[in-house]
Amino acid sequence: MQLALKDIDLKTNWIKSGKESFLYYEKVDSTLNIALDVHHQEQSVGKIVITDNQVSGKGTYNKSWYSEPCKDLTFSIILGNENSFGQKLIDECCLAMVHVLSLYDLKADIKYPNDIYINNKKIVGILLSNIQSQG
C-alpha cells in the first residue's frame, strides 16, 4: 500500500474517521463487488474499500474498467442504503475532481454523466451502485 492509510483523517458525515475507515486488500477482482456484498452493506457503512491491484474493475453499463497495479486509485465507498444518493452525488464528485485537478494546473473536462477527461483521455470514472435491502 503506497498510501499511508493510518495518517488519513477524513472529516465527513458519511465516511468513518481514522484507520478504521478503510478495508484494504492487496489484490481484488473489484472493489465494487466487495462494497456491494451484503455483509459489508450491513457491517461496513462509512468505510472505503481500497486496493493496490484491481483485476476486474467495473464501469457504467457493466463495462470493464482497467487499472494499473500500484499506480491508479481504485476504491469504492460504502454509503449504505439509509440515504438516497443519485446523479447529484456523481455531479458533485465530478465537479470536485475538476477543481482538485485545476489546483495542479491540469485542465479537466466532465463528460456527463460520470467521466473526467484530460487531453481527450479518460482518467476518472465515477460509478454509483444501489442495492435494495431485503427487509
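Would you pick out the residues in the stretch 45-79 that are buried (at least 16 other Cβ atoms within 10 Å of the Cβ), among the small types (Gly, Ala, Ser) and out of contact with any strand residue (DSSP E or B) (no Cβ under 6 Å at 6 or more places or on another chain)?
Once the filter is applied, which keeps residues that are buried (at least 16 other Cβ atoms within 10 Å of the Cβ), among the small types (Gly, Ala, Ser) and out of contact with any strand residue (DSSP E or B) (no Cβ under 6 Å at 6 or more places or on another chain), the stretch 45-79 yields only Gly46.
Give me a count of the residues in the stretch 96-135 that are part of a loop (DSSP other than H, G, I, E, B), at pLDDT 85 or above and open to solvent by 100 Å² or more (accessible area, probe 1.4 Å).
Number satisfying all stated conditions: 6.
The values are calculated or read from the model by the stated rules, or taken from the named source; none is laboratory data. All of these numbers come straight from a predicted model, not from anything done at the bench. We place every Cβ from the backbone using ideal geometry, glycine too, and count neighbours over all the protein chains shown. Surface accessibility is based on the protein's heavy atoms, side chains included, excluding ligands, DNA and RNA. Shrake-Rupley method; radii C 1.70, N 1.55, O 1.52, S 1.80 Å.
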